[in-house]
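The values are calculated or read from the model by the stated rules, or taken from the named source; none is laboratory data. None of the values given here were measured: they were computed from a predicted structure. Heads up, the Cβs are rebuilt from the backbone with ideal geometry, glycines too, and the neighbour counts pull from every protein chain shown.
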Amino acid sequence: MFGRPVVRRRPLLRAAAVGGTFAAGRAMGRRAEQQASAEDDQNQRISSLEQQQAPADPGSGAESPVLDQLGRLTALHEQGALTDDEFAAAKAKILGS
């Protein structure tokens with residue numbers, strides 16, 4: 001009877017839980033947007049590389065254009081124009097795997 005009064009804290013806890021979830025949701029949304037932006041940038045770089053590649057020479061055989069493309073990709077990767085992930089994606093696309 002003479003102890004401390006009982007304080008109801010549920011509304012505050014509920015508000016904190018909802019607010020925390022909202023803040024986490026915004027952060028996850030931002031991360032998803034950043035990842036989508038990075039993927040779009042990577043796809044644009046790969047597309048521009050494909051457009052820069054010379055058309056295949058009909059008399060040179062089937063493997064020469066592939067080797068030329070891989071050589072160009074390797075040079076761009078070594079220069080730092082492509083990240084490791086971009087290089088791997090472009091190489092897989094050229095090799096058809």
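The single condition among (1) modelled with pLDDT of 65 or more; (2) part of a loop (DSSP other than H, G, I, E, B); (3) surrounded by 10 or more Cβ atoms within 10 Å (Cβ to Cβ) that Val66 does not satisfy is (2).
Can you say whether Gly80 is modelled with pLDDT of 85 or more, loosely packed, with under 11 Cβ neighbours inside 10 Å and more than 23 Å from the chain's Cα centre (by Cα), as far as the supplied structure shows? When the stated conditions are applied, Gly80 does not pass them. Does region 13-27 contain at least one residue that is in a helix (DSSP H, G or I) and modelled with pLDDT of 80 or more? Yes, there is a match, as at least one residue in region 13-27 is in a helix (DSSP H, G or I) and modelled with pLDDT of 80 or more.
For region 76-97, name all the residues that are within 19 Å of Val66 (Cβ to Cβ) and in a loop (DSSP other than H, G, I, E, B).
If we filter region 76-97 for residues that are within 19 Å of Val66 (Cβ to Cβ), which is where we start, we get 76-78, 82, 86-97.
Of everything in region 76-97, those that are within 19 Å of Val66 (Cβ to Cβ) and in a loop (DSSP other than H, G, I, E, B) turn out to be Leu82, Gly96, Ser97.
Contact map, region 65-81: first residue closer than 14 Å to Glu50 by Cβ, second residue in a helix (DSSP H, G or I) and among the basic types (Lys, Arg), Cβ cut-off under 8 Å, separation 6 or more or different chains; pairs are Leu70/Lys91; Leu73/Lys91.
Against the test of being at pLDDT 60 or above and in a loop (DSSP other than H, G, I, E, B), the options Gly61, Gly71, Gly3 yield a single qualifying residue, Gly3.
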